[in-house]
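The values are calculated or read from the model by the stated rules, or taken from the named source; none is laboratory data. For clarity, every value in this text was computed on a predicted model and none was experimentally measured. All Cβ positions, even for glycine, are placed from backbone atoms using ideal geometry, and neighbour counts span all protein chains on display.
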Amino acid sequence: MADKTWKARERQVARFFNTNRTPLSGGSSRHTRSDSLHKDLFVECKLRKKHSVISLWDETNEMAKKESKTAVIALCESGRPGFWVMVHSDDLEKVSDIVKKK
C-alpha cells in the first residue's frame, strides 16, 4: 500500500534534518510528540493545500529574484520580542551562512 501523502511529506522533512519520521501519530508513538525523532529539534510538519504565509513568500520571492537575492520572510507579532524566520528549505544553508558572516 502506498504511503499517505502527509506521511511521505513527514519522511521528506525528517530526511532533510538527518533523522527519521516518528512512527504512529502524535503522542501514540511513546517516543515524542514531534513529527521526527531528531534528538535536538522538535519538528511539526503541516501539509495543507495552501498556507497564507507561502503566498506572501511567493510574492516576496518574485521581487527578490528581480534583484538576484534570496527571499526571507520575518514574521513579527506585536508585543512579542524577536521574530520567526521563513526561508525555503533549498535556501536554508545559504541564509545561515550569510547570517554567520555578520
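Brief remarks follow.
- Among all positions in the stretch 13-36, there is at least one residue which is in a helix (DSSP H, G or I) and in contact with a Cys (Cβ under 9 Å, 6 or more places away or on another chain).
- Only one of VAL95, VAL85 that is part of a helix (DSSP H, G or I), under 22 Å from ALA14 (Cβ atoms), within 15 Å of the chain's Cα centre (by Cα) and not assigned by TED's automatic domain parsing to the domain that holds LYS7: VAL95
- Checked against the criteria, ALA64 counts as outside the structural domain of ASN18 (by TED's automatic domain parsing), surrounded by 14 or more Cβ atoms within 10 Å (Cβ to Cβ) and over 18 Å from the mean Cα position of the chain (by Cα).
- SER34 being at positive phi, out of contact with any Gly (no Cβ under 7 Å at 6 or more places or on another chain) and not basic (Lys, Arg): no
- Residue in the stretch 58-74 that is of a type in the set (Asp, Glu), assigned to a loop (DSSP other than H, G, I, E, B) and at pLDDT 95 or above present: yes
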